[in-house]
Amino acid sequence: MIHIETAILDKIKKPGDIHNLDMDELVTLAREVRQETILAVSKTGGHLGAGLGVVELTVALHHVFNTPKDKIIWDVGHQAYPHKILTGRRDRIHTLRQPEGLSGFTKRLESQYDPFGAGHSSTSISAALGMAVARDLSGDNFESIAVIGDGAMSAGMAYEAMNNAGAMHTRMIVVLNDNKMSIAPAVGAMSNYLSRLISSKPYLTLRNMAKKVAEHLPEALEKAARKAEQYTKDFWAGGNFFEEMGFYYVGPIDGHNLSHLVPILKNIKNDHSIKRPILVHVVTEKGHGFDVNGAECEKLHAVAKFDVKTREQKKAVASAPTYTNVFANSLLHEARKDNKIVAITAAMPSGTGLDKFAKEFPSRSFDVGIAEQHAVTFAAGLACEGFKPFCTIYSTFLQRAYDQVVHDVAIQNLPVRFAIDRAGLVGADGPTHAGSFDVTFLAALPNMVVMAASDEAELAQMVATAAAYNEGPIAFRYPRGEGTGAVIDTNPQPLAIGKGKIICEGSDVAILSFGTRLAESIKAAEILKKENISVTVADARFAKPLDAELITKLAKTHKVLITVEEGSVGGFGSHVLQFLTDNDLLNKGLKVKALCLPDYYIEQNNPDVMYDEAGLNAGNIVETIRSLSGNSKVKALY
């Protein structure tokens, strides 16, 4: 049992308890919050590095500002674990990302101290601006503060929000958490003095006065005065990009030095003469104060449970390769044969497996940052010039680029290959990261081919299919985690477009599966076989184009037809139902049921439990077939 001293933290029941702490107590509190964060994540796993990087910043923000009246909007939410500890959730922090526990992200329903929910990046400035404008329209009085990481600043939405904020001259605070740069050693009292001077009211007042004086000078002198003022500002505060966007820039500041952070934030809070948005540039180190063995490459972005003493992660022994690794190796296999194949990721090289591709083909690999919209149109441009781009994005993040998928790829019928990782329910990350909607929004598009792998062997074939297909856009989806142990062909061959396959044949009921629910469909058939119910199981492989011949055969030779998929309504099952009605295949007494994700967001849990709630496991499929079948053998089972 690990014991940590938390004398100060034990007294903090709400952020208001931090307001009267002196500097020594704040430093101690930060140390205790860091220890508490490490201990909590060691038990649950999670996004450790971002939170450790903002411990001092979190303490400083809650010390200076009056939350929840003042709004702190944490971009993404990965960095919010210390925030949760300090806002009345310490007693539940060990339930992070667990069933019925705390969310791994900020969540409005969880706490009044979470004014805005976050799962995807780069939304904080927009939300904070909206709250600031609402404040002004209502005649209210509070600060609106966005805390955004430097990585999230690569997304266009952040700049759209900054452009709007700068033009509106609305007071709000953006804290840029810059954790790419290393922090130089402190230089003592002078460093503290300069930090105070940069944001002190007298300095800000002098700058404002200089601007007002310059406005009344002759043009030549005005230009000279503005040039001198700009030089002075750059000398003290660095760069002018954010100023050009209309922001009042302060920084850079050592984000791990509370004696720097606190006075600067206090000066900003108390100086109400600044009537425009303010950007505070804070330099931090991701994972500050701790390392976990085996997680060094990404600075603890996400870790499994680990031993606090040895710092070894407790990873389960893999029984089969992950789908992500199978995709990565399959893409390498195809790329070695075809130098036109290029790979694109949006800030997730290791998460998508493209770090392997980048190592072998660095000139053909592109990480565009958190910029999914750009990634898709960038891929479209490559396709225009005869290259074969594999745009590899998590399902939940591809949603952000739907307009580009429609207008820049599908309408122009460009052969962009979409490799869609994390399809279906993903477990501990919950609904913000579930891959629920990709089939629905992709299969609705003309020209689009949509596939889903039932196992890792089929995934390898789909990579080969996408590499060979050059008639237009093509997408294939696959889940998070380990495969089934299927044997992968050393030289996978392309699939025939729009063709599924029958796994086993029966006469009473047909189960048409799309994706990795195939294994559960086979289990259901085996259960029903013991009850003398004859079941056909088919692997659709394609949601678009559908296998018309296969579906027609199943509809004409069975009394019940069930479709099964790990996606939302409007996806594969809806397309099958449309096909059946269009071809008058429902007039023969056929009973049809489309099993898909329910019309609500399923909260974090073990994926098997989540799929059981969704009604997509073998037992659920069996119950559905029993309820639909008119067979007396089935009725007798009730």
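The values are calculated or read from the model by the stated rules, or taken from the named source; none is laboratory data. Because the structure is predicted, anything quoted here is derived from the model rather than measured. Note that we place each Cβ from the backbone using ideal geometry, even for glycine, and neighbour counts take in every protein chain shown.
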Taking ARG97 as meeting all but one of (1) charged (D, E, K, R); (2) under 28 Å from GLU603 (Cα atoms); (3) not in a loop (DSSP other than H, G, I, E, B), write down the number of the exception. (3)
Identify, please: which residue in region 37-63 is part of a helix (DSSP H, G or I), over 15 Å from GLY255 (Cα atoms) and in contact (Cβ under 8 Å) with a residue 60 or more places away in the chain and is, among those, nearest to the chain's Cα centre (by Cα)? LEU48
Hey, among the residues in region 596-609 that are in a loop (DSSP other than H, G, I, E, B) and of a type in the set (Asp, Glu), which one's farthest from the chain's Cα centre (by Cα)? ASP599
Which pairs have Cβ atoms under 9 Å, sit 6 or more apart or on different chains, and link a residue in region 4-18 that is farther than 10 Å from LEU29 by Cβ to one that is among the aromatic types (Phe, Trp, Tyr) and surrounded by 12 or more Cβ atoms within 10 Å (Cβ to Cβ)? LYS14/TYR113; PRO15/PHE65; PRO15/TYR113
Pairs needed: first member in region 599-615, farther than 12 Å from ALA434 by Cα and assigned by TED's automatic domain parsing to the domain that holds ARG97; second member anywhere, surrounded by fewer than 16 Cβ atoms within 10 Å (Cβ to Cβ) and charged (D, E, K, R); C-beta distance under 9 Å; at least 6 residues apart or different chains. none
Looking for whichever is surrounded by 24 or more Cβ atoms within 10 Å (Cβ to Cβ), of a type in the set (A, V, I, L, M, F, W, C), closer than 23 Å to ARG626 by Cβ and out of contact with any Asp or Glu (no Cβ under 7 Å at 6 or more places or on another chain) here; the options are ALA543, ALA453, ALA510, ALA475. Which one fits? ALA510
Number of positions in region 559-595 that are farther than 29 Å from THR396 by Cα, in contact (Cβ under 8 Å) with a residue 12 or more places away in the chain, of a type outside the set (A, V, I, L, M) and not in a loop (DSSP other than H, G, I, E, B): 1
Residues that are of a type in the set (Gly, Ala, Ser), touching a helix residue (DSSP H, G or I) at 6+ places or on another chain (Cβ under 7 Å) and more than 23 Å from LEU9 (Cα to Cα): does region 123-143 have at least one? yes
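Could you tell me whether HIS272 is closer than 24 Å to MET153 by Cβ and either at pLDDT 75 or above or surrounded by fewer than 18 Cβ atoms within 10 Å (Cβ to Cβ) (or both)? Steps first, please.
Values: closer than 24 Å to MET153 by Cβ: no; either at pLDDT 75 or above or surrounded by fewer than 18 Cβ atoms within 10 Å (Cβ to Cβ) (or both): yes.
When the stated conditions are applied, HIS272 does not pass them.
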Count of residues meeting criterion [over 15 Å from GLN604 (Cβ atoms), part of a loop (DSSP other than H, G, I, E, B) and among the small types (Gly, Ala, Ser)] in region 66-94: 0
State whether the residues of region 523-537 include one that is under 33 Å from the mean Cα position of the chain (by Cα), in a helix (DSSP H, G or I) and closer than 27 Å to THR396 by Cβ. no
